[in-house]
Amino acid sequence: MNESDFERAALFAERERDNALAKHKSAMASQCKGSDTCQDCGGPIPAARRAAVNTVFCVECQGINERLRA
Ligand SMILES: [Zn+2]
């Protein structure tokens, strides 16, 4: 993989993430917010999830982040 391939891949990943987040944010905007909110989208993090894992991301944002890191 040369440098420009890498840059293209990075740009693509960034665009994918932005698209996914934008979709997620608009979905979350119509729901009421919990007291603990996702650092990425501002959506609520369920209490059960907060108890199980120490996280600042909701399930969907966590998944997006993990997919991009892999
Ligand atoms: Zn989120």
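Any read-out appearing in this document is the output of simple, stated calculations on the displayed coordinates, not a laboratory observation. Computed from a prediction, not measured in an experiment: that's the story for all the values here. Please note: Cβ atoms are built from the backbone with ideal geometry, for glycine as well, and neighbour counts cover all protein chains shown.
Within the set of other residues whose C-beta is less than 9 Å from the C-beta of VAL56, count the net charge using Lys and Arg as +1 and Asp and Glu as -1. Spelling it out: positives minus negatives among the neighbours equals -2. Per-residue 3J(HN,Hα) values for the stretch 4-12, derived from phi via the Karplus relation 6.51 cos²θ - 1.76 cosθ + 1.60 with θ = phi - 60°, read 5, 4, 5, 5, 5, 5, 5, 5, 4 Hz in sequence order (x marks Gly and Pro). In the chain, the calculated helix contribution to ellipticity at 222 nm averages -20500 deg cm²/dmol per residue, counting -39,500 (n - 2.57) for every DSSP H run with n ≥ 4. One chain, two ends: ALA48 and ASP5. Fully extended at 0.36 nm per residue, the span grows by 11.4 nm beyond their Cα-Cα distance. For the chain, the Kirkwood hydrodynamic radius from C-alpha pairs, put into Stokes-Einstein at 37 °C and a viscosity of 0.692 mPa s, yields a diffusion coefficient of 248 µm² per second. In terms of packing, defined here as the mean over residues of other Cβ atoms within 10 angstrom, the peptides 47-57, 15-25 line up highest first as 15-25, 47-57.
When only Cα pairs under 8 Å and 6 or more residues apart are kept, what is the percent relative contact order across the chain?
Averaging sequence separation for qualifying contacts and normalising by length gives 25 percent for the chain.
One chain, two ends: VAL56 and ASP36. Fully extended at 0.36 nm per residue, the span grows by 6.4 nm beyond their Cα-Cα distance.
Charges were assigned to the Cβ only: +1 to each Lys and Arg, -1 to each Asp and Glu. The resulting dipole of the stretch 3-69 about its Cα centre is roughly 360 debye.
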